1. Tell me, which residue of region 78-121 that is among the acidic types (Asp, Glu) and in a loop (DSSP other than H, G, I, E, B) is surrounded by the fewest Cβ atoms within 10 Å (Cβ to Cβ)?
2. Test residue 30 against the criterion of being within 14 Å of the ligand (Cβ to nearest atom) and open to solvent by 70 Å² or more (accessible area, probe 1.4 Å), and give yes or no.
3. Starting from region 220-233, keep only residues that are within 30 Å of residue 207 (Cα to Cα), then list their pairs with residues that are part of a loop (DSSP other than H, G, I, E, B) whose Cβ atoms are within a distance under 7 Å, requiring at least 6 positions of separation or different chains.
4. Going through 141, 169 one at a time, which residue ends up being within 8 Å of the ligand (Cβ to nearest atom), under 21 Å from residue 226 (Cα atoms) and either touching a residue at least 24 places away in the same chain (Cβ under 8 Å) or among the β-branched types (Val, Ile, Thr) (or both)?
5. Looking at 39, 72, 12, which is the one that is free of Cβ contacts under 8 Å to residues at least 12 places away in the same chain and charged (D, E, K, R)?
6. Against the condition buried (at least 17 other Cβ atoms within 10 Å of the Cβ), at pLDDT 95 or above, within 11 Å of the ligand (Cβ to nearest atom) and not β-branched (Val, Ile, Thr), how does residue 189 come out, does it pass?
7. Can you find even one residue in region 55-68 that is open to solvent by less than 20 Å² (accessible area, probe 1.4 Å) and within 21 Å of residue 219 (Cβ to Cβ)?
8. Mind checking which residues of region 81-101 are within 11 Å of the ligand (Cβ to nearest atom), touching a Ser or Thr at 6+ places or on another chain (Cβ under 8 Å) and over 17 Å from residue 161 (Cα atoms)?
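The values are calculated or read from the model by the stated rules, or taken from the named source; none is laboratory data. These numbers were taken from a predicted model, which means no experiment stands behind them. Because the Cβ atoms are built from the backbone with ideal geometry, glycine has one as well, and the counts that use them run over all protein chains shown. The protein model used for the area step is the full one, side chains on, heavy atoms only, and it has no ligands, DNA or RNA in it. Shrake-Rupley method; radii C 1.70, N 1.55, O 1.52, S 1.80 Å.
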Amino acid sequence: MRAVQSFTRSLERSENARTRADRPQVFSMRGREWDLLDEVFAPNYSPSTSVSLEFLGCFEDVELPRRGSLLEVGSGTGIVAVMAALMGCDRVVASDINPHAVRNTELNARRHGVADRLRPVYSDLFAALPENERFDVVFWHSNYVLAPADYRYRTTQECAYVDPGYEAHRRYLAEAPRWTTEGGTAFLHFSSRGDLDALHALAEETGRALITRRRREIQDGPDTVEHLLLQVVAA
Ligand SMILES: C[S@@+](CC[C@H](N)C(=O)[O-])C[C@H]1O[C@@H](n2cnc3c(N)ncnc32)[C@H](O)[C@@H]1O
């Protein structure tokens, strides 16, 4: 396994971001200020959130529609969901399995005046969503690092970094396309920190195929990381 894919290194990155003395309660990104609660993925210490914004067209020329509805799975601080609402999405649902992230998303939706069209939901992937709700775009900037299936999280924040046995990825691949409107699109923001071969195998097992829509190589500390916007489709 390449060092960039090491789950222990990702857990160290999580612990460093969680405990460092200069971790702010408010950070700046894209010309705005954002609340950052304890135990929530800190976009100011990782370039990956900016890549998510770029993939979704929240600050550059884009192909993706700026109107319509978005389900952001794993919203963290809520920056992507809030930016999507600010860019014109009229219905945004932001789910996270981390209750601190749900609260954080709510705070940032209020801070930026989009609480009327952004609904934070405490949910394991799609579990807490109304059965009939559908979205033009479903998106997850995932915890793409593969950890051993028997790994148990030691802190809440670790679930932003690693997915034991790719159990959540398996369910996401199987379920995400079912939550889109007709003509809608399900995306996964993955990276070379993850195991792409294992992901493709899971896609095959779940009757899905993955189409690479965007690629972006980024220097992240000592690591060169390739970020991928993958579309999840029926095989
Ligand atoms: C890499 S972080 C991305 C956070 C945020 N979207 C950003 O770009 O800054 C991954 C997020 O997925 C969430 N997550 C992990 N497993 C999940 C699950 N089963 N259901 C919902 N959210 C999950 C984590 O709590 C975390 O907030």
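1. The qualifying residue surrounded by the fewest Cβ atoms within 10 Å (Cβ to Cβ) is 116.
2. The answer is yes for residue 30.
3. Partner pairs satisfying both residue conditions: 225/192; 225/193; 226/192.
4. 141
5. 12
6. yes
7. yes
8. 81, 82, 94
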